[in-house]
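The next block holds one structure in the form of structure tokens; read it before the comments.
Every number here is computed from the coordinates shown, using simple stated rules; none is lab data. Keep in mind it's a predicted model, so treat the numbers as computed, not measured. Cβ sites come from the backbone with ideal geometry, for glycine too, and all protein chains shown count toward neighbours.
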Amino acid sequence: MEGPTPVSALIHAATMVTAGIFLLIRCSFIFDSSEEMQLVITIVGGCTAFLSACTALFLYDIKKIIAYSTCSQLGYMAVACGLSQYQVGLFHLINHAFFKALIFLAAGAIIHSFSNEQDIRRLSGVATRMPFLWIILLIGNFAIMGIPFFSGFYSKDIIIEISFLTHSFDIGNFNVLYLLIMLATCCTGIYSVRISYYLFFRNLYKGVAKTTLNQPFFLQVVLSLLLVGSIVSGYILAELMSPTYFLFKGGLQNFIAGENEFLP
């Protein structure tokens, strides 16, 4: 959907595109009564996570890349909901709100600084021209990639582990769901590094890149708040919304064996 980057940051982080996942969570008592429906949700979520991440690999519009990234992350949440891990889906939804809003607003500031240019092939020298936005976008990419100790790691890693422990989608010796999620995770890392390469490590305008462009104060405040959330939200909410916390009570072997309430 076309729209200004502040609007995109809002709808991709907390309102329109995440409403479907919120609906799945609120209607969990309905979906839990049908194993066939949970199977459909899980398959659609896994395919969405993988195909959207693959699509982002071949785009050059920075806003479209981030938009398809959102679609891929929604696939992760749908997988969690399809496996009856609604608290994990909500956990990733909250973490995603912080770093996706951070990435979108940083991308918008970069676009406006380059006279509304959105093609990453024509964006360069951000590290030297706008060091603040460089740090912001870099940390946002770390969070969405699931780098340890950033917010995305705490929720995304749980979804990957749950998909690995669930054997309902095994074909022979291959866990198809786990394979889709891992491929989507690899694609997420690739397109995040791709954005960083074009924006930070290429320098097409050597004469201009030495000029530092300062961002408005209110924008720096908003991005700083989102930056803090992208780093600490996962750690703060991990004990409350992560089933891993209960492993210390029941033991890992019981968790894998299915003697718990967290796996179907």
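For the reader, a short list of remarks on this structure follows.
- Expected 222 nm ellipticity per residue - DSSP helices of 4 or more, -39500 (n - 2.57), all of the chain, to 500: -22000 deg cm²/dmol
- The smallest convex shape that holds all Cα atoms of segment 1-123, its convex hull, gives 81 Å³ per residue.
- A simple charge model with +1 on the Cβ of Lys and Arg, -1 on the Cβ of Asp and Glu and nothing else charged puts the dipole of the chain at about 1280 debye relative to its Cα centre.
- Karplus-derived 3J(HN,Hα), 6.51/-1.76/1.60, for each residue of segment 73-86, Hz, glycine and proline x: 5, 5, x, 4, 5, 5, 4, 4, 5, x, 8, 6, 9, 5
- Selection from ILE171, VAL7, LEU39 lying farthest towards where the dipole of the chain points positive, charges on Cβ: VAL7
- Estimated FRET transfer efficiency when R0 is 35 angstrom, pair LEU225-CYS27 (beta carbons, to 0.05): 0.65
- Three-way shape call for segment 8-51 based on the alpha-carbon gyration tensor, with the a/c threshold at 1.5: oblate
- Largest GNM mean-square fluctuation among LYS63, LYS100, LYS156, using the chain with Cα springs under 10 Å: LYS63.
- The residue list ILE181, SER196, PHE149 was ranked by how far each Cα lies along the charge dipole of the chain toward its positive end, using unit charges on Cβ atoms, and SER196 comes out on top.
- For segment 137-151, putting each phi into the Karplus relation 6.51 cos²θ - 1.76 cosθ + 1.60 with θ = phi - 60° gives couplings of 5, 5, 5, x, 5, 4, 5, 6, 6, x, 5, x, 6, 9, 4 Hz, in residue order, rounded to whole numbers and with x for Gly and Pro.
- Considering only Cα atoms, the convex hull volume of the chain works out to 120 Å³ per residue.
- With each label modelled as a point 7 angstrom along the Cα→C-beta vector, the ARG122-LEU39 pair spans 5.0 nm.
- The simple Förster model, with R0 at 41 Å and r as the Cβ-Cβ distance, assigns ASP170 and PHE217 a FRET efficiency of 0.15.
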